[in-house]
Amino acid sequence: MVDGSAYEAVKTAIELGYRHIDCAHIYGNEQDVGRALNECIQSGLVRRDELWITSKLWNDSHPAASVKPALELTLENLQLEALDLYLIHWPVVHQTGVYVPESPEQLIPLSDVPISETWNAMEQCVTAGLCRNIGVSNFSRKKLSELIQHATIKPAFNQVESHPFLQQTELLNFCTENQMLMTAYSPLGSADRPDRMKSENEPSLLGHPVINEIATKNSITPAQTLLAWNICRGAVTIPKSTNRQRMQENLAAASIDLADADMQTIATLNRNYRFVDGRFCQLPGSSYTYESLWDEPDLRTG
Ligand code: A2P
């Protein structure tokens, strides 16, 4: 949503009753979101303390000295004094000012700017009152374990892709055991993401026959089935929509209880399929590969 539609979407969402707004510097729409938040708060539609605002540190701002200025810019754009949650967007480092790397030299190995350095600066942002909680995104269980070992302030969230084709059950259990929440992004399969992030012949979540069968049986929509499944297993679920009717439909999924039998049927659909595979950093010659990013084999290449 970089075309100004974020302004309308956030206003509509808050009017409908959404209270959690998930932002990121890289989405390029923080000023639009900020304008919408400010208008909703100023008009008395919602109080600041009723909202949960998340944003994310982009990959070009991992060095310790860059973290606080990046958050301050985000706060200025969002017209807020503090965030409820600030996340390290990816365990990936770009050169300063590089939004999307075009050559391997623009990617800096994690060993040069370790996550521990970035995390320490994130902790200082909490101490400075700029954010109430800190967390990570796109972290494997391995990277999360390493972080927890040396963190003074423990990560509160790990935001990862999750849906029936990529269930992340081990990661969800690990988060729960460590008093963290897992947030599920792309819960509907993220069909609107840019073509450069798409693969040929992607499987369809919303069109899957099992999802459609369960939806029909329960008189709900396929999207509500996908969302209710994630919510019922304890994942904070963040569907994206710019359409008022679909926003309403998605919000209503929060009060749908799926039967155990339906949950178990959906559990059989897992195929470890990533719609968002992190290919932006997997440039030949860089230190990032599918395997090093996700700490798992790339089964797509056999
Ligand atoms: P739209 O904005 O037109 O509603 P994800 O949440 O996995 O990132 O997926 C976002 C995509 O899913 C967007 O293309 C969005 O389109 C679409 N979408 C959102 N809610 C629904 C819904 N209830 N039914 C069908 N498609 C939906």
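The values are calculated or read from the model by the stated rules, or taken from the named source; none is laboratory data. Please read these numbers as outputs of a predicted model, since none were measured by experiment. Cβ placement follows ideal geometry from the backbone for every residue including glycine, while neighbour counts extend to all protein chains displayed. These area figures cover heavy atoms from the full protein model, side chains too; ligands, DNA and RNA do not enter into them. Shrake-Rupley method; radii C 1.70, N 1.55, O 1.52, S 1.80 Å.
Things worth noting here:
- Figure legend. Inter-residue proximity from the stretch 205-220: first residues open to solvent by 50 Å² or more (accessible area, probe 1.4 Å) and of a type in the set (A, V, I, L, M, F, W, C), second residues within 15 Å of the ligand (Cβ to nearest atom) and modelled with pLDDT of 95 or more, beta-carbon distance below 7 Å, spacing 6+ or different chains. Indicated pairs: 206/188; 206/189; 206/222; 206/223.
- Any hit, the stretch 61-68, residues being closer than 23 Å to residue 4 by Cα, in contact (Cβ under 8 Å) with a residue 24 or more places away in the chain and open to solvent by 10 Å² or more (accessible area, probe 1.4 Å): no
- Tabulated pairs, the stretch 158-187, first of a type in the set (Val, Ile, Thr), second surrounded by 24 or more Cβ atoms within 10 Å (Cβ to Cβ) and outside any loop (DSSP other than H, G, I, E, B), C-beta under 6 angstrom, 6+ apart or interchain: 183/159
- Within the stretch 187-204, considering residues that are among the aliphatic types (A, V, I, L, M) and exposed (fewer than 15 other Cβ atoms within 10 Å of the Cβ), the one nearest to residue 274 (Cα to Cα): 197
- Members of the stretch 151-189 found to be among the aliphatic types (A, V, I, L, M) and within 16 Å of the ligand (Cβ to nearest atom), listed by number: 160, 166, 182, 184, 188
- Check on residue 299, of a type outside the set (Gly, Ala, Ser), within 17 Å of residue 140 (Cα to Cα) and surrounded by fewer than 18 Cβ atoms within 10 Å (Cβ to Cβ): yes
- Once the stretch 190-223 is narrowed to residues that are part of a loop (DSSP other than H, G, I, E, B) and over 19 Å from residue 271 (Cα atoms), the residue that is nearest to the ligand (Cβ to nearest atom) is 192.
- Condition met for residue 4 (of a type in the set (Gly, Ala, Ser) and at pLDDT below 95): yes
- Residues that are within 10 Å of the ligand (Cβ to nearest atom) and either outside any loop (DSSP other than H, G, I, E, B) or among the polar types (S, T, N, Q) (or both), drawn from the stretch 232-247: 237, 241, 242, 243, 244, 245, 246, 247
- Residue 21 fulfils the conditions (1) farther than 19 Å from residue 138 by Cβ; (2) within 21 Å of the chain's Cα centre (by Cα); (3) in a helix (DSSP H, G or I) except for a single criterion, (3).
- Of all residues in the stretch 149-179, those satisfying the criterion of being among the hydroxyl-bearing types (Ser, Thr, Tyr) and over 15 Å from the mean Cα position of the chain (by Cα) are 152, 169, 176.
- Being free of Cβ contacts under 8 Å to residues at least 60 places away in the same chain, under 14 Å from residue 164 (Cα atoms) and away from the ligand (no atom under 16 Å from the Cβ) is a property that residue 257 lacks.
- Residue satisfying condition, being of a type outside the set (Ser, Thr, Tyr), modelled with pLDDT of 95 or more and touching a Gly at 6+ places or on another chain (Cβ under 7 Å), within set 120, 158, 133: 158
A quick yes/no check of all residues on (1) outside any loop (DSSP other than H, G, I, E, B); (2) within 13 Å of the ligand (Cβ to nearest atom); (3) open to solvent by less than 30 Å² (accessible area, probe 1.4 Å); (4) farther than 30 Å from residue 9 by Cα:
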position: 225; (1), (2), (3), (4): yes, yes, yes, no
position: 230; (1), (2), (3), (4): yes, yes, yes, no
position: 249; (1), (2), (3), (4): yes, yes, no, no
position: 253; (1), (2), (3), (4): yes, yes, yes, no
position: 263; (1), (2), (3), (4): yes, no, no, yes
position: 269; (1), (2), (3), (4): no, no, yes, yes
position: 276; (1), (2), (3), (4): no, yes, yes, no
position: 280; (1), (2), (3), (4): yes, no, no, no
position: 291; (1), (2), (3), (4): yes, no, no, yes
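- Residues of the stretch 35-57 that are crowded, with 21+ Cβ neighbours inside 10 Å and within 21 Å of residue 122 (Cβ to Cβ): 53, 54, 55, 56, 57.
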